[in-house]
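Colleague: Here it is, the structure in full.
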Amino acid sequence: MMQQVRTRYAPSPTGYPHVGNIRTALFAWLYARRNDGVFILRIEDTDAERSVEGSLENILESMRWLGLDWDEGPGAGGNYGPYVQSERLHLYQDAAHRLVESGHAYYCYCSAERLEKLREEQIKRKLPLGYDRCCRNLTAEQRKAKEADGIKPVVRFKSPTTGQTKFHDEIWGDVTFENSNVEDLVLLKSDGYPTYHLANVVDDHAMGISHVIRAEEYISSTPMHLMTYEALGYIPPKFAHVPMVLGNDRAKLSKRHGATSVLEFREQGYLSDALLNFLALVGWSLDDKTDIISREELIKNFSLERVGKTAAIFNHEKLKWMNGVYIRKLTDDDLAGRVFPFMENDLPSQIKRPLDIDYVREIVPLIRERIFTLKEAAPYADFFFLDELEYDSAMLIGKNMTAETVSGALKAAGEKLASLENFNKELLEDNLRQLAGELGMKAGQLFNPLRVATTARDAAPPLFETMEVLGKERCLKRIKAALAKLAGN
Ligand code: GLU
Ligand code: ZN
């Protein structure tokens with residue numbers, strides 16, 4: 001029988017989840033979903049000093065927003081809980097003591113000062129850094145003396161000093177490390193809290209994880225983890241270390257490349273489906289050419305074989321483009337509902353709230369092709385809402401036109417529009433084209449100042465559709481305002 005696939009995302013609540021980190025969670029989630037497996041969320045909160053207030057809630061919200069649902073973990077239950085490491089301390093303590101008893105680990109009494117001095121010395125003499133194994137062979141008496149002094153020891157792993165550790169990584173293939181390079185790392189701290197290394201091994205085993213899918217940076221810790229599995233008598237899971245995420249300039253993705261936390265992208269008006277699609281392609285590909293892939297298709301096609309070994313680039317421009325594609329796929333109702341809160345928040349304060357959702361729904365088809373994020377909707381569409389438009393009257397006067405000719409044209413247009421019973425785009429176009437002819441003008445010579453008068457911009461959504469949505473009253477008022485501007489008041 002095939003082993004059930006069980007993958008996990010194991011964030012530490014030390015900050016808001018970074019898109020690089022969430023991309024790794026996405027791969028673990030996709031792998032579980034692809035293989036009818038189980039996806040587990042485990043909170044690795046054993047480093048109290050580094051924990052950041054609010055980050056757990058942010059992690060959960062980021063996952064929910066992206067639709068990375070977990071089958072076991074906080075709020076979801078499961079048979080292997082608790083899923084928060086600080087609630088499982090006895091398990092790590094038991095394991096550490098078992099390792100000491102079986103001779104795979106030992107107590108170390110070195111003070112922070114001694115370790116610091118050691119480090120300085122190693123730097124000065126250009127020696128390899130790391131613990132010098134000073135406590136590895138303490139006698140029972142020596143230990144008793146330290147205990148009598150009241151020193152609380154840490155537990156360190158006793159790494160073999162010869163031989164090699166080999167393993168097969170699902171992405172990197174066969175990997176070999178020299179054991180002599182593996183330090184005697186701390187497993188359990190003197191306060192009874194485990195380090196990442198111990199807690200990770202104990203939990204991946206206890207939770208029946210079949211595939212550890214995690215960031216590349218942990219590949220060098222894997223030999224030590226494998227030794228720990230063996231020492232504890234556990235069969236290790238499979239490992240897949242996914243490549244790093246870099247910015248456009250090939251430096252590690254960071255703040256200076258733009259937004260990096262998942263919820264920041266939500267605030268900036270990205271759609272979760274677009275971000276999900278985009279992130280899936282940061283280090284994985286379907287076929288080297290397909291960009292737009294639905295969640296269902298991702299699940300159907302995801303494989304670790306197509307995860308690349310080279311660092312993946314996070315290209316903000318591409319994400320923005322992709323978000324535009326997803327925006328264009330939404331129905332009017334859906335898009336209106338999504339831009340509404342952004343407009344409520346971002347439109348100038350003098351515009352009356354709450355906004356009229358029906359009006360927003362009419363605007364949406366006119367802006368859909370021109371925005372790449374939901375947040376761009378408000379600045380793009382503000383002229384639909386403003387009572388008075390601000391622009392320079394010179395904008396009204398096009399090539400080969402004067403203030404007088406433009407005034408004449410706008411006045412005639414105003415009269416024509418006032419006489420219309422129906423204010424729909426077809427009628428508007430017919431009437432205004434005809435009027436341009438009557439005035440002996442080219443269509444553009446009439447339409448351009450009308451566009452500026454009604455929208456305050458020279459490139460805007462299609463004129464007649466826009467005028468229809470604005471409605472007769474607003475259009476007439478705006479034409480009047482434009483005439484006043486031309487008259488110099
Ligand atoms: N807590 C670790 C982190 O946040 C998890 C690493 C792992 O997946 O093993 O990076
Ligand atoms: Zn020591």
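Read-outs throughout are calculated quantities, based only on the coordinates presented, and are distinct from any laboratory measurement. Remember, predicted model here, so these are calculated numbers, not experimental data. Note that we place each Cβ from the backbone using ideal geometry, even for glycine, and neighbour counts take in every protein chain shown.
Colleague: Counting only helical runs of four or more DSSP H residues, what would the 222 nm mean residue ellipticity of the chain come to if each run contributes -39,500 (n - 2.57) and the total is spread over all its residues? Spell out each step's value before the answer.
Modeller: On the way: 18 runs with 220 residues, N = 489.
Dividing the helical sum by the residues of the chain leaves -14000 deg cm²/dmol.
Colleague: Magnitude of the Cβ-charge dipole of the chain, K/R +1 and D/E -1, about the Cα centre, nearest 20 debye?
Modeller: Details: 63 positive and 71 negative charges, 210 e Å.
Its charge dipole is roughly 1020 debye.
Colleague: Working out 0.36 nm times the residue gap between R98 and Y218, then minus their Cα-Cα distance, what length gain in nm do you get to one decimal? Show your work: numbers first, answer last.
Modeller: On the way: separation 120, 0.36 × 120 = 43.20 nm, distance 2.48 nm.
So the chain would gain 40.7 nm between R98 and Y218.
Colleague: Assuming R0 = 51 Å, can you tell me the calculated FRET efficiency for the pair E388 and M244, based on Cβ-Cβ distance, to the nearest 0.05?
Modeller: Values: r = 52 Å, r/R0 = 1.01.
The computed FRET efficiency comes out at 0.50.
Colleague: Also, I was wondering about something else. May I ask you to order 200-208, 38-46, 261-269 by the average number of other C-beta atoms within 10 Å around their residues, highest value first?
Modeller: Values: 200-208: 21.3, 38-46: 22.9, 261-269: 19.1.
Ranking the peptides 200-208, 38-46, 261-269 by packing returns 38-46, 200-208, 261-269.
Colleague: Further, regarding this structure: Let me make sure I get this right: for region 380-489, a, b and c are the square roots of the gyration tensor eigenvalues over alpha carbons, sorted descending. Under 1.5 in a/c it's rounded, otherwise prolate if a/b > b/c, else oblate. Which is it?
Modeller: Numbers: a/c = 1.44, a/b = 1.02, b/c = 1.41.
Rounded is the answer for region 380-489, as its axis ratio a/c remains below 1.5.
Colleague: Oh, and also: Between A206 and R136, what is 0.36 nm times their sequence separation minus the Cα-Cα distance? Round to one decimal in nm. Could you put the intermediate results ahead of the total?
Modeller: Values: separation 70, 0.36 × 70 = 25.20 nm, distance 2.82 nm.
Answer, rounded to one decimal: 22.4 nm.
Colleague: Using the beta-carbon distance between R50 and E415 and R0 = 56 Å, what value does 1/(1 + (r/R0)^6) give for FRET efficiency, to the nearest 0.05?
Modeller: Numbers: r = 71 Å, r/R0 = 1.28.
The value I calculate is 0.20.
Colleague: If packing is taken as the mean number of other Cβ atoms within 10 Å per residue, what is the order of 224-235, 122-133, highest first? List each step's numbers first, then the result.
Modeller: On the way: 224-235: 17.2, 122-133: 11.2.
The densest-packed peptide leads the list: 224-235, 122-133.
Colleague: I've got another one for you. Please give the residues of region 20-60, grouped as numeric ranges, whose backbone N is less than 15 Å from a label point set 7 Å along the Cα-to-Cβ vector of E267.
Modeller: 54-55, 58-59
Colleague: Something else: Isolated Cys in the chain by the 4.7 Å beta carbon test?
Modeller: C110, C134, C475
Colleague: Could you let me know the centre-to-centre spacing of region 94-159 and region 227-297, using Cα atoms, in angstrom?
Modeller: Answer, in whole Å: 38.
Colleague: Can you tell me the equivalent ellipsoid semi-axes for the chain? Use √(5λ) from the Cα gyration tensor, largest first, whole Å.
Modeller: Listed largest to smallest, the semi-axes of the chain are 66, 22, 19 Å.
Colleague: At a threshold of 8 angstrom on Cα-Cα distance, excluding pairs fewer than six apart, so keeping six or more, what relative contact order does the chain reach in percent? Kindly include the intermediate steps, with their values, before the conclusion.
Modeller: Details: 698 pairs, mean separation 60.7, N = 489.
Answer for the chain is 12 percent.
Colleague: Also: For the pair E183 and K399, how long in nm is the line joining their label points, each one 7 Å along Cα→Cβ?
Modeller: Distance between the two pseudo-spin positions: 7.0 nm.
Colleague: For the residue pair K126 and A311, what label-to-label distance in nm results when each label sits 7 Å from Cα along the Cα-to-beta-carbon direction?
Modeller: Distance between label points: 2.6 nm.
Colleague: I've got another one for you. How far, in degrees from 0 to 90, does helix 425-438 lean away from the longest principal axis of the Cα atoms of the chain, to the nearest 10?
Modeller: Once rounded, the angle reads 50 degrees.
Colleague: Which percentage, to the nearest 5, of the DSSP beta bridges contained in region 196-321 is antiparallel? Working shown, then result.
Modeller: Values: 2 of 9 bridges.
Looking only at bridges with both residues in region 196-321, the antiparallel portion is about 20 percent.
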